[in-house]
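Below: one structure, written as structure tokens.
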Amino acid sequence: MPGTDQQETAKKSANEPVGKTAGFTFRATIFAAGKTVTGIEVPGTIVAGFGAGKRPPVKVTINGYAYRSTVAVYGGVYMIGISAAVRGQAGVNSGDAIDVHLELDTERREVVVPPDFAKALGENPVAKQFFSNLSYSTKNGHVLSIEQAKTDETRRKRIDKAIDTLNKRKK
């Protein structure tokens, strides 16, 4: 978890907002928490500047690579996760000091369901209904798991597992 010095540095280097959607650029260091979780701390002044509550949806740009995320609160600290896939696309690693640009993400979030998963959902009305009521992040988690399968067999197993989980009305 980053320390107070980093938080103060980020606060000092944050740009002043121009309206609620113009965004902010600040400097942060990517930190690792455990073996696979990485992220950055977002100064509270930036979160407040969006005027969208404590967990605003944001567009994050690092080294020219943009992705959508949501600010999370961990132990009273505002955070944004940076997945291994994002780190690879942006060309950054844990420990790197980076410039981060955040904009309030006001676009509707839609998960694109792959055809084979959509077919399985269509054959399972309980799973389909439960899936339709899940949050964007939870839906996306199911889809990413399926799409990241390296073999057709693994993909089929992940679809079956997702359908089973959804039929049991679990996330």
Rg ratio (alpha-carbon, reference 2.2 N^0.38 Å) - the stretch 67-160: 1.32
Gaussian network model of the chain, Cα within-10 Å springs - most flexible of ARG155, ARG55, ARG68: ARG155
Spacing of the two label points (7 Å from each Cα toward its C-beta) at ASP116 and THR138, in nm: 2.5
Listed residues GLY53, GLY81, GLY44, most fluctuating in the chain (Gaussian network, C-alpha, under 10 Å): GLY53
Cα centre as origin, Lys/Arg/Asp/Glu Cβ charges: the stretch 115-167 dipole, Debye: 80
Potential extension, ASN167-GLU147 segment - 0.36 nm per residue separation minus Cα distance: 5.2 nm
Rounded, prolate or oblate (a/c below 1.5 giving rounded, otherwise prolate when a/b exceeds b/c) for the stretch 115-167 by Cα gyration tensor: oblate
Set LYS54/LYS150; LYS35/LYS128; LYS59/LYS170; LYS35/LYS139 screened for pairs whose C-alpha atoms are more than 31 Å apart: LYS54/LYS150; LYS35/LYS128
Sites excluded, GluC sites (Glu not before Pro) in DSSP loops with at most 12 other C-beta within 10 Å, longest stretch of the chain: 1-106
CD proxy at 222 nm, helix term only [per DSSP H run n ≥ 4: -39500 (n - 2.57); per residue of the chain; nearest 500]: -11500 deg cm²/dmol
Two-decimal Rg to Rh for the stretch 25-76 - Kirkwood Rh, Cα set: 0.95
Choice from PRO57, PRO125, PRO43 showing the highest fluctuation, given a GNM over the chain with Cα pairs closer than 10 Å: PRO125
Ascending count of other beta-carbon atoms within 10 Å, so fewest first, for ILE159, ILE62: ILE159, ILE62
Reported label for calculated P(r) over Cα pairs in 10 Å bins from 0, in percent given [x] 9, 33, 29, 20, 8, 0; [y] 9, 31, 33, 21, 6, 0; [z] 10, 39, 41, 10, 1, 0: [x]
Approximate spin-label separation ARG55-LYS35, in nm, with each point projected 7 Å along Cα-to-Cβ: 2.8
Nonlocal amide H pairs with VAL42, under 5 Å, H built at 1.01 Å: TYR78, MET79, ILE80
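Here, each number is a calculation from the coordinates, and none is a lab measurement. In this text, all values refer to a predicted model and were calculated from it rather than measured experimentally. Every residue, glycine among them, receives a Cβ derived from its backbone with ideal geometry; neighbour counts consider all protein chains shown.
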